[in-house]
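Working notes, structure below.
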């Protein structure tokens, strides 16, 4: 005879302190054990893929800020890389390096949030996330210097970046990356060996490498499962082929490893930034676009009006959350015929049920926190 | 050792009250009048003190945690935000007391009141000073536990009557937790009572003052057990499982708003003060401080100790993440319970030794202190080791760094911290 | 290999992959372009298992799955990655006509297709036969229509939504759908 | 003064105990019934206090109001049909008869007995007296009761133990 409580359904979300936005998780519970998990999404669905078909390629860049709003730079970059592939544009050298700098700064900012919020999900009452927000703010200050915005940056352009960074940017960035390792030590001291965090996250939500790959999981989650796969290394874009860094890999595939991998990646980002700030060449930051096909009547040539040739392209980069891909189909008109975002947040949710069934409600929260979703990117 | 003192001897406010009562008796009032008056004075004083302390500590906690989290905290209402708690209280008072439609209305309304009673009744037996105790019960220690256990009922009433799944989960978690930790509490307090030989809190304070040693030095395991079970009882992180914000929104008081929520909030603080007061009384010498109480009012010493202990809980709240319910229960049953049992046995043995071998207190107490601290350290470390604290799969580690794309490192030994 | 010893992802073109598939399943390939090879729906699952399991291909990672409305028909595009061999390819499947598009589901081969197929079903209305849990994902149950289709909410005069020319540009068609 | 106070307290506590005990039987909602039960326990504890049995009173609150009733609550919540409440059953009449019979017997005994008034002083330390009685004079019944409880506990564990755990070990 087994004593079982009546299974009952708990809705986590859409309004819930730790669903990271308006995401809803329907858990069927037996006591506190999860016997079924169902995801309900779409509360933030803004139909970006349809909207993008009504706008020119350049006009679509701001949309990419608003998918993954904690990593707008990488969203921008993935999209412009896809368009550049479609048109065959090669951005100038300095633009490539600036892209690298911005993406790594963005990775630090995004991982700060990911790790901090993860600690919050573990129940650390705001303290780690507040400390991490402090460093994220400093990164956002740099972004503000470079492009005037802090969150929705809209910095990348097709063929380069919107403008060169001001002269005071580089010293400020140097200062930041000089103090970041100390802060990272602090976080590692605070969180990495924290008995409660280790207890809460070790052996929870385990994905073997086979499961992770089969479920199309990417980014820190895939690496936490022990798979050394990083598009920056595997298929270098921007200036990643010219800098030296390591892929941080976990060995257990559990929640703790995802968190460890993110912390290690922040260190690698600092390492990349140190190199880029020394190596960045001078020069133009924007390529001359092939505007010959565009001849608006009664108007001067619009330099950013792009009409890519008929074809399709899949551009992908390593965003802080994983493989961010843009699949563009052009029919020769100034707007994309099909604009598809392969969003890592969304696809990383695929094995959520696999990971959380058998755990408790508290585990489900921690697992969801370790996936590090941005609902803007899940729903688009 | 009752000091016969004049009414203006504010080292113990009991003197003042006592003089007043004598005055009343002199006027020829019947016997029950001073009895009732003294009760009323005590009740009003305790209520006033708790309300003021709670208001002060709301502000202090928010500012202190703000400092810990490198932000400012409330600083708008009044100088340095001092009036923020008042503003909060006013806001709670003026808010509409919403009762959800499907709630069990009677229990829903009753719960905040019921939760308030046991937490405040605890202070009736706490000696704030030598004569400053409302009811110095014979069975004071047992009374503390008994009243503490009533909290459970109120919290369950709140969780059940809200008709909300988060609230119900929170209530169930509270009950499971409190029942486990009450056991620990009983055991550690048993050890203290056994050693002192009285359940009256005043006697325990007097014992510590008489021998000039705090029980904290003699019973470290007991103190540990009480601090942990106290944290559980007052629902603060790392054990705020019953109202785990990131999991079940606010647990049993999810559906409460307005002043009903205010009651829960205040009861939580009061429970914290109560735990701190018990720790101070039992383990830290209460209102005495090795003779300093002759110069400084004992109740000020008591309050200073109490706030100091409470600060530890604020600190832990600002630092530690939350345990999972099964881990907390495992900690209670697998770790604290055996340790407390061993503690009871050791303390009992020592008491027996002290009596039978006719040791003087100067010989016995330092010996016991050294032995108990050594035993505590050995037991904690050893038992943690037995339970697999250092097993490789539970050790923190770092990420493997590699340059090789596509390699799979799953299951490799990872570099440890 | 780059000059400094770093690898780049090897792109296996649609022509090559079509060749490989044809060797195993002669009738499976419908069409082959440099971007992608088009596989017949009937043999999609066989071809995909082959792509996943072949030791020289090892496409165990489904990067992206999406659907495109090609006006006369729909096509489903699969971008595949081999993590261990660091290579990439794309295959496509065409539906016959616009009415009731049905494509076999690849969830048995790549469980990661689960949510992506649901998304394609939700927005494009493509039924993935054999999908374990084919429901709307972003839109609510009972939503009318498939919003990413080109004929969803056709404008006045039968105009398809979409930008055909730049604002102020000459009305002569410059290619494209205009 | 002392007598009046005790008498007033006695009647108030008795009323509380009896009313809430009636409430346990009458109300339909099981949870309400448990709350009444707790109230009744607390009332009984108050009666013990009027008898100067402070240790028993506090123990009553601790064990009955704090622990036993919580276990009952647990049982109600964890039972799948626990929220159905007190239903009408065919046992209603027999139960009423039995209750009346018990009440009659108790009342008869209470009225009929010639109660002696003890002339010894009340206990100063009830706890130590009870402790000495339990571990000295009545040690055998005490031990038997403990063994019985232990057996009951083990029986309960065996009953609810999942089958898989038995196979696994």
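From its DSSP helices (H runs of at least four residues, each -39,500 (n - 2.57)), chain B gives a residue-normalised ellipticity at 222 nm of -21500 deg cm²/dmol.
Report the calculated FRET efficiency for residue C:23 and residue B:401 (r = Cβ-Cβ distance, R0 = 41 Å), to the nearest 0.05. Let's see the in-between values first.
Working: r = 40 Å, r/R0 = 0.99.
The pair residue C:23/residue B:401 has a calculated efficiency of 0.50.
Packing here is the average count of other Cβ atoms within 10 Å per residue, and on that basis the peptides A:102-108, A:115-121, highest first, run A:102-108, A:115-121. Helix A:72-87 and the longest principal axis of the Cα set of chain A meet at an angle near 50°. Residue ranges B:357-370, B:298-311, A:253-266 sort as A:253-266, B:298-311, B:357-370 when ordered by packing (mean number of other C-beta atoms within 10 Å per residue, highest first).
Of all DSSP beta bridges located in the range C:10-150, what percent are antiparallel, nearest 5? Walk me through the numbers on the way to the answer.
Working: 19 of 27 bridges.
Antiparallel bridges make up about 70 percent of those DSSP assigns within the range C:10-150.
Using a Förster radius of 51 Å, what is the FRET efficiency between residue B:386 and residue C:72 based on their Cβ-Cβ separation? Nearest 0.05, please.
Details: r = 72 Å, r/R0 = 1.41.
The pair residue B:386/residue C:72 has a calculated efficiency of 0.10.
For chain B, a Gaussian network of Cα nodes joined below 10 Å ranks B:205, B:386, B:51 by mean-square fluctuation, and the top entry is B:386. Helical runs assigned H by DSSP (4 residues or longer) give chain A a calculated mean residue ellipticity at 222 nm of -13500 deg cm²/dmol, each run adding -39500 (n - 2.57) before division by the residue total.
Set the Cα radius of gyration of chain B against 2.2 N^0.38 Å, with N its number of residues, and you get 1.11. The angle between the Cα long axis of helix A:169-187 and the longest principal axis of the Cα atoms of chain A comes to about 10 degrees, rounded to the nearest 10. Compared with the dominant principal axis of the Cα atoms in chain A, helix A:127-147 is inclined by about 10°.
Shape index of the protein assembly as shown: Rg/Rh, with Rg the Cα radius of gyration and Rh the Kirkwood radius from the inverse mean 1/r over Cα pairs, equals 1.06. Taking every residue in A:137-143 and counting other chain Cβ atoms within 10 Å of its Cβ, the average works out to 0. For the pair residue B:47 and residue B:23, a Förster radius of 22 Å applied to the C-beta separation gives a FRET efficiency near 0.40, rounded to the nearest 0.05. Across peptide D:28-36, the average count of Cβ atoms from other chains found within 10 Å of a residue's Cβ is 3.
Highest mobility in the GNM of chain B, judged by mean-square fluctuation with C-alpha springs under 10 Å and restricted to B:343, B:163, B:235, is found for B:163. Between residue D:132 and residue A:46, the simple label model (points 7 Å from Cα in the Cβ direction) yields a spacing of 8.1 nm.
Dividing the convex hull volume of the alpha carbon atoms of the range C:10-150 by its residue count gives 99 Å³ per residue. Which log10 I(q)/I(0) values does the range B:139-185 give at q = 0.20, 0.34 Å⁻¹ under the Debye formula, counting every alpha carbon as one identical point scatterer? Normalising to I(0) and taking log10 leaves -0.63, -1.14.
In percent, rounded to a whole number, the relative contact order of chain A is 27, using alpha-carbon pairs under 8 Å and six or more apart. The mean number of Cβ atoms from other chains found within 10 Å of a Cβ in peptide A:349-360 is 2, as a whole number. Specify the residue with the greatest mean-square fluctuation among D:58, D:27, D:151, computed from a Gaussian network of chain D linking alpha-carbon atoms under 10 Å apart. It is D:151.
All of the numbers you see were taken from the coordinates with simple rules; none came from a lab. What you see is a predicted model, and the numbers here were worked out from it, not measured in a lab. Cβ sites come from the backbone with ideal geometry, for glycine too, and all protein chains shown count toward neighbours.
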